[in-house]
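Everything on this sheet refers to the single structure shown next.
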Amino acid sequence: MSAGPAGHVTRSSDIPNSETAGRTSSGPPRTPLRRFLRTDDGVNIEAVYDPKALVYKGSADTGTSLSGHFAFVVAHGFTGNADRPHVRRVAQALTRYGSVVTFSFRGHGRSGGRSTVGDREVLDLAAVVRWARDLGHGRVATVGFSMGGSVVLRHAALPDGPDAVVSVSAPARWYYRGTAPMRRVHWLITRPEGRLLGRYGFGTRIHHRDWDPVPLSPVESVPLIAPTPLLVVHGDSDGYFPTDHPETLAAAAGENGELWLERGMGHAENAASGELLARIGEWVSGRAG
């Protein structure tokens, strides 16, 4: 299967233990897949496809219904990857509502390249969304956490974006250092010894160059997303980004956006409860599924 330059799919033999089943004449694939995709700037990105779960015993769902053609693309946070337990937990929860594609951003997991911490990662997400559509999913929603939450906002502002977007625990603006965890993140990114720790301690290869030019910020991207439905989710106990970040994003979205401030929730995937993921699944299904 080929998906063009940005969504090129490698041969299954290039990936150990990869599934070889493809889409069927009746719809998207019914078995898991693992592939490397090539971005517009030539980086190989590992992606994992999980088909929609059969919720009821004896279900005859063959993938021909509208819900069977719906897919989520999940964008993880900084230092995560497609195989991290918390990312797999999110994927498993969302397969109740549609098929799910997870992936590892550049510099993370088995993907190539080095992390630019939210800049060129938009190209990674674009390649994965194209692959989901090439697999036969007519409608695709993106769900991003923390760094991934900023990436889904920037991607949704571009042409050929998703049919719905959910941003969880995302910053509204760049270079925020107002909390101790974010000061540690900036040390990890900007200092040689921090990048060394990122590589060997967190399995994340971080680019040493500063942004040039500085990309459009999440809050600058949000007004460009309409009319695509937008949901902003944030915990009131988030230790990285205080609640003025989601409130700023929601204000920029206006009537096109919806804000959920979750009581007692911390930061990103680790803090997302099963109940919250179920509500996200139902929200997306109601607007794009």
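The values are calculated or read from the model by the stated rules, or taken from the named source; none is laboratory data. None of these values were measured; they are calculated from a predicted model. All Cβ positions, even for glycine, are placed from backbone atoms using ideal geometry, and neighbour counts span all protein chains on display. The area values use the complete protein model at the heavy-atom level, side chains included, leaving out ligands, DNA and RNA. Shrake-Rupley method; radii C 1.70, N 1.55, O 1.52, S 1.80 Å.
Restricted to Cα atoms, the chain shows a radius of gyration and a Dmax of 17.9, 56 angstrom.
Can you say what percent of the DSSP beta bridges in the chain, counting only those with both residues inside, are antiparallel? Round to 5. Each step should come with its number before you reach the end.
Values: 14 of 40 bridges.
Taking every DSSP beta bridge with both residues in the chain, the antiparallel ones total about 35 percent.
Nonpolar atom fraction for segment 175-289, defined as the carbon and sulfur part of the 1.4 Å probe accessible area, stands at 53 percent.
Proximity of backbone amide H atoms, modeled 1.01 Å from N, is registered between E262 and H234, G235, D236 at under 5 Å, excluding neighbours fewer than 5 places apart on the same chain.
Just need the Rg to Rh number for segment 171-215, please, alpha carbons only, Kirkwood Rh. If you can, show how the numbers build up before the last one.
Values: Rg = 11.2 Å, Rh = 11.3 Å.
With Rg and the Kirkwood Rh in hand, the quotient comes to 0.99.
Do you know the relative contact order of segment 157-238, to the nearest whole percent, from alpha carbon pairs under 8 angstrom that are 6+ apart?
On the way: 62 pairs, mean separation 43.9, N = 82.
Computed value for segment 157-238: 54 percent relative contact order.
Calculated FRET efficiency, W187 to D83, Cβ-Cβ distance, R0 = 30 Å: about 0.70 to the nearest 0.05. Amide H to amide H distances under 5 Å link A75 with V143, G144, F145, where only residues 5 or more positions off or on other chains count and H is placed in the peptide plane.
Computed from Cα atoms alone, the Kirkwood hydrodynamic radius reported for segment 144-257 is 14.9 Å.
Taking all Cα pairs closer than 8 Å and separated by 6 or more residues, the relative contact order of the chain comes to 17 percent. Judged by the gyration tensor of its Cα atoms, with axes a ≥ b ≥ c, segment 239-288 is oblate; a/c meets the 1.5 cut and b/c is at least as large as a/b.
At a 10 angstrom cut-off on C-beta neighbours, averaged per residue, how do the peptides 226-232, 33-39 rank from highest to lowest? Write out the running numbers ahead of the final one.
Numbers: 226-232: 19.4, 33-39: 22.3.
The densest-packed peptide leads the list: 33-39, 226-232.
Accessible area per residue for the chain is 43 Å², calculated with a 1.4 Å probe on protein heavy atoms, without ligands, DNA or RNA.
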